[in-house]
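Data first, discussion second: the structure below is written as structure tokens.
Every number in this text was worked out from the coordinates using simple rules, so none of it is lab data. For clarity, every value in this text was computed on a predicted model and none was experimentally measured. Virtual Cβ from ideal backbone geometry, glycine too; neighbours counted across all protein chains shown.
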Amino acid sequence: MANWKYKMDFKDLKEQYENEEITITQLGEGMAKRLRDFAGLHLRTKSDEDYKYDLEQIADQFECCDDEENFDDTLNDLYDWGDTEYSESGSIMKNRLCWIGFGF
């Protein structure tokens with residue numbers, strides 16, 4: 001089991017897409033906006049610069065999504081980003097950067 005430093009939940013956007021309230025392009029744009037908002041709020045220190053840069057690259061990819069295959073590839077990149085290990089002194093658990101809520 002992992003110890004998550006942050007949590008992000010996108011289930012509401014997924015539900016809107018599944019209910020055909022938004023398009024795949026709008027879903028990608030919504031994901032990108034939330035990722036940028038998250039980065040601005042939480043990734044502000046010098047030690048967070050690499051995490052922030054990578055997250056901004058993923059946000060850029062989401063903005064360009066125009067089909068489900070591209071979206072799924074980008075979502076996998078986001079999951080990989082969230083699974084990044086970070087060190088926290090005194091913890092015996094595996095420390096992961098961010099839990100991503102999008103699935104079931």
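Points worth noting:
- The Cβ shell under 11 Å around Ala32 holds other residues with a net charge of -2, Lys and Arg each +1, Asp and Glu each -1.
- Volume of the convex hull of the stretch 15-65 (Cα atoms only), normalised per residue: 61 Å³.
- Based on Cα atoms of the chain, Rg over Rh with Rh as the Kirkwood radius reads 0.99.
- Maximal additional length on extending the Gln57-Asn76 stretch stands at 5.5 nm, based on 0.36 nm per residue less the C-alpha distance.
- Virtual paramagnetic centre 7 Å along Cα→Cβ of Lys5, amide N under 19 Å, in the stretch 25-61: 35-59
- Computed from phi, the 3J(HN,Hα) profile of the stretch 46-52 under the Karplus parametrisation 6.51, -1.76, 1.60 (θ = phi - 60°) reads 4, 5, 8, 4, 5, 4, 5 Hz, with x in place of Gly and Pro.
- DSSP bridge orientation in the chain - percent antiparallel, rounded to nearest 5: 10 percent
- Amide H partners (placed H, <5 Å) of Tyr86, local residues excluded: Asn95, Arg96, Leu97
- Amide hydrogen neighbours beyond the local backbone of Tyr6, cut-off 5 Å, H modeled: Cys98, Trp99
- By the count of neighbouring beta-carbon atoms within 10 Å, fewest first, Phe102, Phe10 end up ordered Phe102, Phe10.
- 3J(HN,Hα) along the stretch 26-38: 5, 4, x, 5, x, 4, 4, 4, 5, 5, 5, 4, 4 Hz, from the Karplus curve 6.51 cos²θ - 1.76 cosθ + 1.60 with θ = phi - 60°, whole Hz, x for Gly and Pro.
- With a Cα cut-off of under 17 Å and a minimum spacing of 8 residues unless on different chains, the lysine pairs in the stretch 2-54 number 7.
- R0 of 41 Å, Cβ-Cβ distance Glu18-Lys46: FRET efficiency to nearest 0.05: 0.55
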